[in-house]
1. Here is a list: I154, I122. Which entry is of a type in the set (A, V, I, L, M) and more than 23 Å from V221 (Cβ to Cβ)?
2. Test each condition in (1) under 13 Å from I19 (Cβ atoms); (2) surrounded by fewer than 20 Cβ atoms within 10 Å (Cβ to Cβ); (3) in contact with a Leu (Cβ under 9 Å, 6 or more places away or on another chain) for N34 and report the one that comes out false.
3. Report yes if G197 is farther than 30 Å from V85 by Cα, modelled with pLDDT of 95 or more, in a loop (DSSP other than H, G, I, E, B) and out of contact with any helix residue (DSSP H, G or I) (no Cβ under 8 Å at 6 or more places or on another chain), otherwise no.
4. Being surrounded by fewer than 20 Cβ atoms within 10 Å (Cβ to Cβ) and outside any helix (DSSP H, G or I) is the filter here; which residues of region 20-31 pass it?
5. Identify, from the list T189, T201, T185, the residue that is within 29 Å of the chain's Cα centre (by Cα) and surrounded by fewer than 14 Cβ atoms within 10 Å (Cβ to Cβ).
6. If I filter region 119-176 down to residues being within 21 Å of K194 (Cα to Cα), of a type in the set (V, I, T) and at pLDDT 95 or above, which single residue comes out as surrounded by the fewest Cβ atoms within 10 Å (Cβ to Cβ)?
7. Determine which single condition T83 fails, assuming it passes every other condition in (1) surrounded by 16 or more Cβ atoms within 10 Å (Cβ to Cβ); (2) among the polar types (S, T, N, Q); (3) over 17 Å from L35 (Cβ atoms).
Amino acid sequence: MARKSRADRASAIESSASILVIGLGRFGGATAENLMKLGREVMAIEKNPEAVQEWSGRLTHVVEADSTNIEALRQIGAGEFSTAVVGIGTSIEASVLTTANLVDLGIDQVWAKAMSNSHGKILRRIGAEHVLYPESEAGARVAHLVSSRMLDFIEFDDGHFAVVKMRPPKEVQGFTLAEAGIRDTYGVTVVGIKSPGRDFTYAEPSSRVGSQDVLIVAGHVELLGRFAGRP
């Protein structure tokens, strides 16, 4: 059963910006902690009493409860949240049951961590609005970074389009974007440039690319890889 007073539950959900996080392992804990840094109130649910003790005081509210029990979720007011993150990564069964419970409670935005493609398919079929693959996504991101000039890499849902932060290849250094013809040659678009000691600015055809600049470039993943792979 959940251990939380009615007053505490009301306090936890009084803000529309509050987010429910279930599971305080590495993924769930990191998500909850970063949500706090972004100024969001977080109510976390964790079955392990040691983890509850560890996170108490670090998050807005931490509740010891079994999220696979829908009555326990009702008792702590989980249905009052509009957004929930399921970070359970040790049991597919617990992940699926928890996600199903949140959907049944009417939570609009359910983000759920998947441990495999088949797990992700089940989560989507039972109503998870967003399915996350943190391990595989992190691996793909690292692979792109270590094999090119990329400093950061953000891939979008379709797996084909991305935005990257990168150092400019030598062949475009010293030229304006119009002179370099990056879009015509590589099929990608430079959308921003940061020169040393300056803030990022929107890219213009007249923007000149320096050797120490950082570029924000958007385009098809394969084309971005080719451009960032240039010496």
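1. I122 is the lone residue from the list that is of a type in the set (A, V, I, L, M) and more than 23 Å from V221 (Cβ to Cβ).
2. Against the list (1) under 13 Å from I19 (Cβ atoms); (2) surrounded by fewer than 20 Cβ atoms within 10 Å (Cβ to Cβ); (3) in contact with a Leu (Cβ under 9 Å, 6 or more places away or on another chain), N34 comes up short only on (3).
3. On the way: farther than 30 Å from V85 by Cα: yes; modelled with pLDDT of 95 or more: no; in a loop (DSSP other than H, G, I, E, B): yes; out of contact with any helix residue (DSSP H, G or I) (no Cβ under 8 Å at 6 or more places or on another chain): yes.
No; evaluated as a whole, the condition is false for this residue.
4. Taking region 20-31 first, the residues surrounded by fewer than 20 Cβ atoms within 10 Å (Cβ to Cβ) are 25-27, 30.
G25, the sole residue that qualifies.
5. Going through T189, T201, T185 in turn, the sole match is T201.
6. Once the filter is applied, the top-ranked residue is T176.
7. Failed condition: (3).
The rows are residues; the columns are (1) touching a residue at least 24 places away in the same chain (Cβ under 8 Å); (2) charged (D, E, K, R); (3) touching a Pro at 6+ places or on another chain (Cβ under 9 Å); (4) not assigned by TED's automatic domain parsing to the domain that holds G87.
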residue	(1), (2), (3), (4)
I122	yes, no, no, no
F156	no, no, no, yes
E171	yes, yes, yes, yes
D184	no, yes, no, yes
T189	yes, no, no, yes
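The values are calculated or read from the model by the stated rules, or taken from the named source; none is laboratory data. Please read all numbers here as calculations on a predicted model, not as lab measurements. In this analysis, Cβ positions are derived from the backbone assuming ideal geometry, glycine residues included, and neighbour counts consider all displayed protein chains.
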